[in-house]
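Q: Right, I'll just put the structure down here and ask away after.
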Amino acid sequence: MENRRRLLLVSNSTLYGGGYLDHCQEHIKTFLGAQVRKILFVPYALHDQTAYATLAREKLESLGKSDLSLIHVEDG
């Protein structure tokens with residue numbers, strides 16, 4: 001099996017009046033597809049990076065990605 005890496009960049013995690021990644025969740029589901037098992041998540045936008053990674057994990061689980069490995073990389 002080929003080991004392909006792809007990059008998905010989302011410039012904002014929320015739009016006014018919506019929830020975390022609600023505005024792009026269908027695009028995320030399509031992009032990830034059924035085969036993706038590992039995701040490198042770089043929590044850049046918020047000071048509490050652990051809470052941000054938890055929020056991302058919960059959102060991805062709600063999109064059917066409960067079996068993934070979310071890799072959280074901290075600065076330093």
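Q: By the scheme Lys and Arg +1, Asp and Glu -1, what is the net charge of all other residues having a beta-carbon under 10 Å from that of Ile28?
A: Working: positive: Lys29, Lys59, Lys65; negative: Glu26.
Net charge around Ile28: +2.
Q: How far apart, in nanometres, would the label points at Ser11 and Phe31 be if each is projected 7 angstrom from Cα along the Cα-to-Cβ direction?
A: Here the modelled spin labels are 1.3 nm apart.
Q: Need one value: the accessible area of Arg6 in square angstrom, 1.4 angstrom probe, rounded to the nearest 10.
A: Surface accessible to solvent at Arg6 totals approximately 120 Å².
Q: Keeping every protein chain in place, order Tyr16, Tyr52, Tyr44 by accessible area at 1.4 Å, biggest value first, i.e. largest first. Provide the component values of the computation, followed by the final result.
A: Working: Tyr16 235, Tyr52 25, Tyr44 195 Å².
If we order Tyr16, Tyr52, Tyr44 from most to least accessible, we get Tyr16, Tyr44, Tyr52.
Q: Then there is this: Accessible surface of Ser62 in the full protein assembly, 1.4 angstrom probe, to the nearest 10 Å²?
A: 80
The values are calculated or read from the model by the stated rules, or taken from the named source; none is laboratory data. What you see is a predicted model; the values in this text were computed from it and never measured. Cβ coordinates were reconstructed from backbone atoms using ideal geometry, including for glycine residues, and neighbour counts include every protein chain displayed. For the accessible areas, the whole protein counts, side chains as well, though only heavy atoms, and no ligand, DNA or RNA atoms are used. Shrake-Rupley method; radii C 1.70, N 1.55, O 1.52, S 1.80 Å.
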